[in-house]
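The values are calculated or read from the model by the stated rules, or taken from the named source; none is laboratory data. Worth saying up front: this structure is predicted, and the values here are computed from it rather than measured. Because the Cβ atoms are built from the backbone with ideal geometry, glycine has one as well, and the counts that use them run over all protein chains shown. Heads up: the accessible areas ignore ligands, DNA and RNA and are worked out on the full protein's heavy atoms, side chains in. Shrake-Rupley method; radii C 1.70, N 1.55, O 1.52, S 1.80 Å.
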Amino acid sequence: MLIDGNIGGSIDGTGGANLHEIHEQVGLAERVGFDGVWSTEVSRDPFLPLLLAAENAPRLHVGTAIAVAFARSPMTLATVANDMQSFSSGRFTLGLGSQIKPHIERRFSMPWSAPAPRMREFVNALHAIWESWQNQTPLDFRGDYYSHTLMTPMFRPPRNEFGPPQVMIAAVGPQMTSVAAEVADGMLVHGFTTERYLREVTVPQIESALGKAGKSFEDFTLSYPGLVVTGSDERQFEEAATAVRKQIAFYGSTPAYRAVLDLHGWGDLQAELHRLSKLDDWESMTRLIDDTILRTFAVVGEPDAAAAEISRRFGDIIGRFTLYTPYALDAAAQSAIVSGVHSRRTAP
């Protein structure tokens with residue numbers, strides 16, 4: 001299991017995204033020993049921070065987790081992803097998410113339809129475009145949502161010596177999970193999940209869909225941003241716990257994520273969190289996340305203990321674990337977790 005960090009974020013403890021801050025974040029990721037870094041499209045462009053990371057940290061893998069697919073066309077994403085793959089010398093993963101209907105239609109002014117079929121076609125279109133560029137073949141992709149049938153020599157990039165980038169799809173429900181297994185190289189698991197939900201629901205769905213597609217779980221990567229509560233002293237630990245409780249409460253208030261709570265017998269909690277969110281009562285919501293819920297959704301412990309728990313819970317099913325800390329975590333604690341996970345990965 002590889003262990004990654006975030007850069008350029010606004011909700012994950014990494015702070016701002018100006019050039020100076022991104023350089024600092026990339027330098028920290030190198031010093032800590034992360035295997036890769038991810039950038040998320042929330043209030044900022046997801047690709048620009050990764051450009052700096054690819055240039056200044058030649059050891060790190062870089063990826064979007066996520067870029068909003070339906071805010072763009074397959075051609076525009078194929079182009080920027082191809083450039084990122086080339087610029088990073090083959091160290092780029094294109095992580096895609098669908099977002100939700102109001103944002104696609106009202107924020108991005110783009111068309112919306114059933115997201116799983118559209119995402120399947122979107123990724124197939126990407127592969128068709130890259131195939132055309134790699135092998136100098138005519139572009140002739142015709143689907144229900146996207147059509148790409150023109151590629152003249154002037155607009156065809158040269159063959160990418162590193163090949164097309166890997167594609168991952170963010171999925172929560174069974175339909176998008178099946179699409180990820182069918183057409184992508186991996187899946188971006190939502191941070192609001194648990195070990196039990198992964199093992200009892202997500203992984204069996206993926207294995208079933210992979211089997212139907214004639215693919216193997218060994219060739220499919222699960223990337224999981226796991227919530228972690230830790231710190232170098234008691235004050236930091238308590239601040240971390242409060243921040244993670246608040247994040248769990250926020251996710252838990254969303255009806256689309258109720259299935260995870262239902263599995264643990266906490267379905268009524270979702271309704272109450274949703275009610276309180278409508279009242280903007282985040283303090284009460286946070287108090288509803290007791291220690292049992294906190295320790296179910298997050299790894300909790302001092303850095304060395306957290307590393308051991310991350311490896312125990314996820315080492316056999318997760319390919320890339322992203323340290324998800326919606327609070328500022330010092331370099332020493334991060335380094336201890338990363339080195340702890342690495343040591344357990346290489347142990348006999």
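Just the accessible area per residue of the range 98-204, please: how many Å² with a 1.4 Å probe?
The answer is 50 Å² per residue.
Quick check: at a probe of 1.4 Å, how many percent of the accessible area of the chain sits on carbon and sulfur atoms?
Reported share for carbon and sulfur atoms: 52 percent.
What is the extension gain from residue 332 to residue 59, computed as 0.36 nm multiplied by their sequence separation minus the C-alpha to C-alpha distance, in nm to one decimal?
96.3 nm
Leaving out same-chain residues fewer than 8 places away, which lysines sit with a Cα under 24 Å from that of residue 101?
278
Taking a 1.4 Å probe, which of 83, 268 shows the most accessible area, and what order do the others take after it?
Ranked from most to least accessible, the order is 268, 83.
Sort 28, 261 by accessible area with a 1.4 Å probe, largest first.
Solvent-accessible surface, decreasing: 28, 261.
Suppose every K and R has +1 on its Cβ and every D and E has -1 on its Cβ; what is the size of the dipole of the range 265-348 about the Cα centre, in Debye to the nearest 20?
For this selection, approximately 440 debye.
Could you tell me which of 76, 100, 343 has its Cα farthest along the dipole of the chain towards the positive end, charges placed at Cβ (Lys, Arg +1; Asp, Glu -1), taken about the Cα centre?
Of the listed residues, the answer is 76.
Going by accessible area, probe 1.4 Å, with all protein chains left in place, what is the ranking of 66, 22, largest first?
Highest to lowest solvent-accessible surface, that is 66, 22.
Net charge near residue 308: determine it from the other residues with C-beta under 15 Å of the C-beta of residue 308, scoring Lys and Arg +1 and Asp and Glu -1.
Counting the neighbours of residue 308, the net charge comes to 0.
Measuring from label point to label point, each 7 Å out along Cα→Cβ, what is the residue 304 to residue 142 span in nm?
Those two pseudo-labels are separated by 6.6 nm.
Could you check the spin-label model distance between residue 20 and residue 268? Points 7 Å from the Cα along Cα→Cβ, value in nm.
5.3 nm
Test of understanding: what is the full-extension gain from residue 79 to residue 134, defined as 0.36 nm times their sequence separation minus their Cα-Cα distance?
Full-extension gain reported as 18.5 nm.
Before anything else, pin down the relative contact order of the chain: Cα pairs under 8 Å, at least 6 apart, normalised by residue count, whole percent.
18 percent
In Å², what does the accessible area per residue of the range 256-295 work out to with a 1.4 Å probe?
59 Å²
Under unit Cβ charges (Lys, Arg +1; Asp, Glu -1), what dipole magnitude, rounded to 20 debye, does the chain have relative to its Cα centre?
Around 800 debye, computed over the chain.
So which aspartates and glutamates pass the test for residue 246, namely a Cα distance under 15 Å, with those fewer than 8 places away in the same chain ruled out?
12, 238, 272, 280, 281, 283, 290, 291
Testing the spin-label approximation: label points 7 Å from Cα along Cα→Cβ at residue 239 and residue 103. State their distance in nm.
2.8 nm
Once amide H atoms are built 1.01 Å from N in the peptide plane, which residues 5 or more positions from residue 6, or in another chain, come under 5 Å H to H?
When sequence neighbours closer than 5 places are left aside, the close amide H contacts are 38.
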